[in-house]
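**Student:** Below you will find the structure I want to go over with you.
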Amino acid sequence: MVSERLPNLRYLSYPTSKEPGKIFRSALTNFKSLKGIAVHIIIFITTEIPSLLSTHFPDLSELKLFGEPTFYCSGTEMICKSFPKLRKLEMPLHYLRIDTSAVLMFLNLLEHLEYLDISGCVWWIDKEIIEKASRLKDVYLVFPDRLT
């Protein structure tokens with residue numbers, strides 16, 4: 001099992017939308033130094049993975065959600081409360097709409113955030129978002145074809 005061979009793994013990618021089994025969930029808690037994870041948004045929203053991560057890895061600093069769901073993401077507050085030490089948040093999800101209040105929540109509540117990629121999610125950017133995002137080292141809000 002990977003968690004036994006690499007207990008000090010710092011970044012894990014779970015590259016499928018197939019629900020993780022008991023073995024994976026158990027193994028996840030065996031990592032000692034996990035600082036980041038990439039996971040399909042369906043798995044993130046519909047399983048207990050966020051709860052496991054926030055309980056066992058309170059210092060998680062990188063989160064990448066991927067996939068192409070066609071539903072609205074309501075997990076903004078859960079991400080902010082569960083992972084307050086995030087430094088890097090990537091959600092380059094096509095066709096996923098995140099409204100300006102959700103973007104502002106990320107920018108206001110994730111005080112350690114340095115990198116934000118929600119390039120496939122945001123359909124409207126206002127002055128307040130631009131001002132708040134200016135503190136970040138890297139920020140990706142829109143696709144180049146949406147810039148005006």
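The values are calculated or read from the model by the stated rules, or taken from the named source; none is laboratory data. Here the structure is a predicted model, which is why all the values come from computation and not from measurement. As a convention, Cβ positions derive from the backbone with ideal geometry for all residues, glycine included, and neighbour counts pool all protein chains shown. With ligands, DNA and RNA removed, areas are computed over all heavy atoms of the protein, side chains included. Shrake-Rupley method; radii C 1.70, N 1.55, O 1.52, S 1.80 Å.
**Student:** What number comes out for accessible area per residue over the stretch 1-57 if the probe is 1.4 Å? Units Å², please.
**Tutor:** Heavy-atom accessible area per residue stands at 56 Å².
**Student:** Once neighbouring chains are kept in place and the probe is 1.4 Å, which whole percent of the accessible area of the chain is contributed by carbon and sulfur?
**Tutor:** Carbon and sulfur together cover 53 percent of it.
**Student:** Considering amide H positions built from the backbone, and no H for Pro or chain starts, which residues 5 or more places from LEU12, or on another chain, come under 5 Å of its amide H?
**Tutor:** Answer set, sorted by chain and number: GLY36, ILE37, ALA38.
**Student:** Could you point to the residue in TYR140, ILE42, LEU93 farthest towards the positive end of the chain's charge dipole, with +1 and -1 charges on the Cβ of Lys/Arg and Asp/Glu respectively?
**Tutor:** It is ILE42.
**Student:** If R0 is 22 Å, what FRET efficiency do you get for ASP126 and GLU77 from their C-beta distance, rounded to 0.05?
**Tutor:** 0.65
**Student:** Report the charge-dipole magnitude of the stretch 1-84 in Debye, nearest 20, computed about the Cα centre from +1 at each Lys and Arg Cβ and -1 at each Asp and Glu Cβ.
**Tutor:** Its charge dipole is roughly 260 debye.
**Student:** Now, a different point. Mean-square fluctuation check for the chain, GNM, Cα pairs under 10 Å: which of THR16, THR55, THR46 is largest?
**Tutor:** THR46
**Student:** At a Förster distance of 25 Å, what's the computed FRET efficiency of ASN8 paired with ALA38, Cβ-Cβ distance as r, to 0.05?
**Tutor:** After rounding to 0.05, the efficiency reads 0.90.
**Student:** Provide the net charge surrounding ASP126, with neighbours chosen by a C-beta distance below 12 Å and charges set as Lys +1, Arg +1, Asp -1, Glu -1.
**Tutor:** -1
**Student:** Assigning unit charges at the beta carbon (Lys, Arg +1; Asp, Glu -1) and nothing else, what dipole magnitude in debye, to the nearest 20, does the chain show about its Cα centre?
**Tutor:** Roughly 480 debye for the chain.
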